[in-house]
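Data block below; observations after.
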Amino acid sequence: MTTYSTISDGSASHGRSNGVMSRNRIRGHKDGGQGGQATTISSVVNLLNTIVGAGTLAMPSVMSHMGIMLGVLMIVWSGMTSALGLYLQSRCSRYLDRGTASFFALSQITYPNAAVIFDAAIAIKCFGVGVSYMIIIGDLMPGVVLGFSSGAADIPFLLDRNFWITAFMLLIIPLSFLRRLDSLKYTSLVALVSIGYLIVLVVYHFAVDKHADPRSIRVIQWGGPVEMLSSLPVVVFAYTCHQNMFSILNELKDNSPSSVIGVVGLSIGSAASIYTLVAITGYITFGNAVVGNIVSMYPTGAASTIGKAAIVILVTFSVPLQVHPCRASLDAVLKWRPNRSQPATGRSASPLLNTGAAPRGDHGGGNMSDLRFAVLTTFILILAYITALSVTSLARVLAFVGSTGSTSISFILPGLFYYKISDPDSSYHQRLVKEDDDIDEESSSDAEETAALAQSTTSLRSAASVASRRSSHSGTHRWRWQRKFRWDLEHIQHAHLRRLSLGLAIYGMVVMAVCLVLNIFFTVSH
């Protein structure tokens, strides 16, 4: 099997750096018919839309608690840790057949008895976020209608939050029944246009409005440890998109290491740039008086009304992005049985790793029948709809869900999964290295044939000799630099990456503990 699932793990391959690029190129084209169809651009758009949401509007408030310098450092740091989690997910997917990667599949071969817990946490987290988006729609739409037409006050149902939640469900339902995440690329693009308008709105008011008193703006100073820690979840959770990463990997047409790094880098980098821009400009405009939703602080008018409408559009098209992983995780929970997995004795012992894997299903969860797909989607949407109508504020609930679910899927699970499956004593890792060695032999054989053919052509040999003399110094220097650093990060040694994965898992546990303590004690006391 010469697919992306067998790309070298970077370790156990000392002295094989010369063949890494050729091996990646081979695997990038042979996928056994399980290759995806999504382009790099559509993958970036979907992942960026999953990351950037209404939480962008809370970034100026984060600055008011941390100060500009610490706030920017926290935004960058959180982006880097989230990117590491995404990268570890891509490394874990190499141990699975093309198109079968999912949290459930990994948990079945690493921590089979805890698989149901992992997927339940993901399902609850995604469900809670989706419900919060519906509540935002119900809360903002009456104000949007009044902003565009003052006569709407005479029509009671136009000011009823339940009416607007019901109306927008007519748009959410068909989008949620799309099987492939790549099918949402156009709605994701519309959502990004909406967030783009919000960015322009914040920057515009920063440029034309009077700025806050410099004495109320913290540059180096901060609001203290309590205020800083209370804002930490906002920044950490703002990058949560890991629930859709395996779907991105399963559907990505070019899943070579360089392509995956490009998707992760562009998505996280763009999100960090957006957060930093909105945070600094919004904070300087209002100073420490800024509130969680900065759009609500602008004077009532067409611009701010359109801004609220943009938020509604943004969250509307973000709901299906939460339904997608929620459905897959719920399906995995329902399929789980105690002691279902047998002890790992080799890669071929697991049906999840067979070379003849089943065609890619939803979220890489294998085959899901049309009936099961429809029933699960309908159940999630009905339950979310009823919850959104019944509950007017999910702030406290989402705080606990975010503290556990987001940190789990962003830091803890990617770290623990990779640390476990990449163990040199693991049969899966040994099988992966063996397949790499087989591909090395094939590559070496091809290289020998190519060299023999080149030697038979005098003109090619002469040209190569001239080119070599012209670039002897600069070429050698560049080659040495490339050995030290590669943009696809394949130069990272296996042992170092395992340490990073363990450190990320520990970091996630610490963040979870801090956030839970803040929600239990600090929030209750206020």
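With a threshold of 32 Å on the Cα-Cα distance, the over-threshold entries among Lys185/Lys420; Lys210/Lys308; Lys308/Lys335; Lys253/Lys420 are Lys185/Lys420; Lys308/Lys335. The listed residues Tyr385, Tyr133, Tyr239, Tyr419 rank as Tyr419, Tyr385, Tyr133, Tyr239 when sorted by accessible area, largest first, using a 1.4 Å probe. Between Phe163 and Ser296, the simple spin-label model (points 7 angstrom out along Cα→Cβ) gives 2.3 nm. Taking max minus min of the alpha-carbon positions on each principal axis, segment 52-138 gives extents of 45, 34, 23 Å, largest first. For segment 95-167, give the percent of accessible area contributed by carbon and sulfur heavy atoms, probe 1.4 Å, rounded to a whole number. Here it works out to 70 percent.
Accessible area of Glu251 (1.4 Å probe, protein heavy atoms only, ligands and nucleic acids ignored): about 10 Å². A Förster radius of 25 Å combined with the Cβ-Cβ distance from Tyr186 to Phe373 puts the calculated FRET efficiency at roughly 0.75.
The values are calculated or read from the model by the stated rules, or taken from the named source; none is laboratory data. Computed from a predicted model, the values in this text were never measured in an experiment. All Cβ positions, glycine included, derive from the backbone under ideal geometry; neighbour counts span all protein chains shown. Ligands, DNA and RNA are excluded from the accessible area calculation, which covers all protein heavy atoms including side chains. Shrake-Rupley method; radii C 1.70, N 1.55, O 1.52, S 1.80 Å.
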